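The values are calculated or read from the model by the stated rules, or taken from the named source; none is laboratory data. Everything numeric here is computed off the predicted structure, so don't read it as measured data. Here Cβ is always computed from backbone atoms with ideal geometry, including for glycine, and neighbour counts include all displayed protein chains.
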Amino acid sequence: MIQSVDRAIRILTALQGARRMSLSELSAHLDLRPPTVHGIVRTLVSHGLVVQDRATGRYQLGPATLRLGNVYLDTLDLRSRAITWAEELGRRTGFAVRVGVLLPGEALGDVVIIYHQPRLDGGRYMPEVGIVIPAHASALGKAMLAFLPTVADPVGTPLRGMTGETLTDPTELQGVLAQVRQTGIAEECDEAVLGESGIAGAVFDSHQLVGAIGVVVPTTEWPVGDAVAEAVRSAARTVSRELGATQWPRPASE
């Protein structure tokens with residue numbers, strides 16, 4: 001690991017979570033000396049990845065991070081292949097659709113939403129591309145965790161609770177993931193956000209797991225019927241086939 005690169009990434013990650021931080025706050029958060037942090041921050045500022053507020057002196061993410069994000073989305077095969085089938089899944093079920101990828105991190109990582117298809121019944125909605133959800137608390141995340149070659153099993157260490165319904169027991173989660181491997185479908189009810197539930201299926205390419213697609217269901221309309229589950233299963237299978245997968249779901253390789 002290259003230390004300077006690691007520190008730069010940690011600074012960007014800290015600013016992502018806190019939005020705006022002073023030099024002293026960044027130093028304390030990273031447990032590094034202020035001169036060390038200042039040198040890295042100034043380098044990031046010169047490339048537009050970080051900007052400094054002149055009034056407060058605090059730092060925040062810069063516009064170049066948006067450019068990087070857009071390039072990532074534009075070159076992501078999963079997203080381009082999934083858009084058509086996400087729209088079809090939305091029409092078949094009447095629900096909003098999300099496509100996500102797994103972001104490694106603490107515990108079991110997070111899901112990052114790379115495409116969002118709103119419900120077709122109109123109404124106001126917030127753009128969701130880029131939002132992050134703990135993998136163990138989402139249907140998308142469980143759909144992917146079930147098919148990883150290895151899944152960390154922090155026995156005795158409760159997972160992060162988002163609501164009172166979040167599955168936080170690692171042993172219980174392993175049982176849920178085993179069931180997902182049997183059915184190809186993962187579910188969650190009120191685990192990440194109260195009032196929001198979901199069902200999702202993993203997506204594969206010719207070699208490996210690449211993401212997941214699923215529907216977002218208001219808890220007032222939960223549980224969903226078999227037709228919705230089958231529509232999600234069909235969408236995940238079809239997107240996988242377009243990405244070169246010859247089997248769905250692919251067994252988690254050792």
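Take the residues of region 41-66 that are without any contact (Cβ under 8 Å) to a residue 12 or more places away in the chain and surrounded by fewer than 14 Cβ atoms within 10 Å (Cβ to Cβ): which is farthest from Asp6 (Cα to Cα)? The extreme case among them is Ala55. Would you confirm whether any residue within region 34-44 is farther than 20 Å from Val203 by Cβ, within 22 Å of the chain's Cα centre (by Cα), of a type outside the set (Ser, Thr, Tyr) and outside the structural domain of Val232 (by TED's automatic domain parsing)? No; the residues of region 34-44 include none that is farther than 20 Å from Val203 by Cβ, within 22 Å of the chain's Cα centre (by Cα), of a type outside the set (Ser, Thr, Tyr) and outside the structural domain of Val232 (by TED's automatic domain parsing). Applying the criterion of being polar (S, T, N, Q) and over 19 Å from the mean Cα position of the chain (by Cα) to the residues of region 67-101, the residue that is surrounded by the fewest Cβ atoms within 10 Å (Cβ to Cβ) is Thr84.
Using the structure shown, decide if Val176 is touching a Ser or Thr at 6+ places or on another chain (Cβ under 6 Å) and surrounded by 14 or more Cβ atoms within 10 Å (Cβ to Cβ). It is false that Val176 is touching a Ser or Thr at 6+ places or on another chain (Cβ under 6 Å) and surrounded by 14 or more Cβ atoms within 10 Å (Cβ to Cβ). Restricting attention to region 4-34, the residues being under 17 Å from Gly130 (Cα atoms) and touching a Gly at 6+ places or on another chain (Cβ under 8 Å) number 0. One residue alone among Ala96, Ala107, Ala146 is assigned by TED's automatic domain parsing to the domain that holds Arg181, in contact with a strand residue (DSSP E or B) (Cβ under 9 Å, 6 or more places away or on another chain) and at pLDDT below 85, and that residue is Ala107. Scanning region 1-28 for residues that are in a helix (DSSP H, G or I) and among the polar types (S, T, N, Q) returns Gln3, Ser4, Thr13, Gln16, Ser24, Ser27. Here Ala152 does not qualify as hydrophobic (A, V, I, L, M, F, W, C) and modelled with pLDDT of 95 or more.
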